[in-house]
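So the structure is just underneath, and the comments pick up after that.
The values are calculated or read from the model by the stated rules, or taken from the named source; none is laboratory data. Because the structure is predicted, anything quoted here is derived from the model rather than measured. For neighbour counting, all protein chains shown are included, and Cβ atoms are generated from backbone atoms with ideal geometry for every residue, glycine included. With ligands, DNA and RNA removed, areas are computed over all heavy atoms of the protein, side chains included. Shrake-Rupley method; radii C 1.70, N 1.55, O 1.52, S 1.80 Å.
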Amino acid sequence: MNNLQPSYKTLAMRIIRHRKSLKYITWKRIFNLLKLLRDIKLRRVSVDSFPIFARINTCSICNIMCPGCQIYDDKTGRKKYFRPKGIMEIDTYKKIIDSLKDSLLQVVLYDEGEPLLNKRIWEMVKYANRNRLRTVISSNLSFKMSDEFIAQLFESGLDYLIVALDGITQETYEKHRQGGDVELVKSNFERIMMYRRKLAKKTKLEVEVQFIEFDFNTHEKSSVVDYAARHGADSVNAFLSYTEEFSDTRSLQGKSRREFGCFDVYAIADFDVDGSLFVCDLQEDCGVDSIGKIQDCSFVTMWNGPEMKSIRCSFQTPGKYEMNSICLECPITRGLPLPLR
């Protein structure tokens, strides 16, 4: 099992983590990937390449609350949830996949919310598989799961399941996953791993245990790692909280944010539950309006629309364009590898 030391979610780490998406490469996708690398290297404003990853929020409803999440802020009355609440319609989802199936390698079927509350989630996974796309889901697993539901998880052909487990005891776990039941999480996790052992080589599912490290749970990190290994998890991904990542500017190395470029505005399409496309995940979280909806506009038009061009301009020659204020605050660990800068 691969145990990652707590760190920030760097771009290199993200790519390595999902490198197996390359097994779904086709000649069309290779051609698009080459154009994508060219567009990133030249920092082109108008592009003729398309994203290789899509983040699709299939459910913006959640059964628990986690400080730092917009759903938490909404439930506690701190700040109204300004994005649509609900479940993504299957037709909206299929429109996204159909629009990008010739370029995508992987679809990430979660954002804010618990994706497994979407009753058609396994149908969505199957549709992605029929189009030869790698699928990734992250879940808190803190709800009752029937044997039939677990069987459907495997029958769908899901490639990668991330299980959020930020503590081994209820006292520690619930400090971040408020309203969650750690014993229920562990029970569901163990049942999933038991089912996988029964299927042996008949399933491709990989399971990762995710541990977000805070001051209040660091003492249980080794216990979570041991527990995950004991039950057969493929990896443990331990990383520091997003809040700490934002506050740390050391990785800028005294250089401007512009010099490090951006991977996301070229390679990742970010969709909300109602089919809205956003410039990137961070712009979405900061309340910036969407570019448009996949039901109303062609993806090509939106991907080279004024909003996307404006953001890409931010990373061009200093002094020519003003840097986008949200991009200035974005964690530098999303920056491009040196050969693409």
Give just the number: which of (1) open to solvent by 20 Å² or more (accessible area, probe 1.4 Å); (2) modelled with pLDDT of 90 or more; (3) charged (D, E, K, R); (4) assigned to a helix (DSSP H, G or I) does GLU244 not satisfy? (2)
Name the single residue, out of those in the range 290-306 being open to solvent by 30 Å² or more (accessible area, probe 1.4 Å) and small (Gly, Ala, Ser), that is farthest from ASN57 (Cα to Cα). SER298
Residue that is crowded, with 20+ Cβ neighbours inside 10 Å, at pLDDT 95 or above and outside any helix (DSSP H, G or I), where the choices are ALA228, ALA233: ALA233
Select, from SER46, SER60, SER103, the only residue that is within 27 Å of GLY305 (Cα to Cα), open to solvent by 20 Å² or more (accessible area, probe 1.4 Å) and touching a helix residue (DSSP H, G or I) at 6+ places or on another chain (Cβ under 9 Å). SER46
Restricting to strands (runs of 3 or more DSSP E) lying wholly in the range 121-222: which have 3 or more residues that are in contact (Cβ under 8 Å) with a residue 24 or more places away in the chain and touching a Phe, Trp or Tyr at 6+ places or on another chain (Cβ under 8 Å)? 134-139, 206-213
Give the range 130-177 a look and list any residue that's open to solvent by less than 10 Å² (accessible area, probe 1.4 Å) and touching a Ser or Thr at 6+ places or on another chain (Cβ under 6 Å), or say none. ARG134, LEU158, ASP159, ILE162
Can you tell me which condition GLY113 does not meet? The list is (1) open to solvent by 10 Å² or more (accessible area, probe 1.4 Å); (2) part of a loop (DSSP other than H, G, I, E, B); (3) modelled with pLDDT of 95 or more, and all the others hold. (3)
Between ILE332, ILE311, which is modelled with pLDDT under 85, open to solvent by less than 30 Å² (accessible area, probe 1.4 Å) and over 23 Å from LEU109 (Cβ atoms)? ILE332
Return the total of residues in the range 266-289 being farther than 21 Å from LEU109 by Cβ, surrounded by fewer than 22 Cβ atoms within 10 Å (Cβ to Cβ) and either of a type in the set (Gly, Ala, Ser) or touching a residue at least 24 places away in the same chain (Cβ under 8 Å) (or both). 3
Quick check on GLY68: is it open to solvent by 60 Å² or more (accessible area, probe 1.4 Å) and farther than 17 Å from VAL136 by Cβ? yes
Answer with yes or no whether SER325 is open to solvent by less than 20 Å² (accessible area, probe 1.4 Å) and either within 29 Å of CYS69 (Cβ to Cβ) or at pLDDT below 80 (or both). no
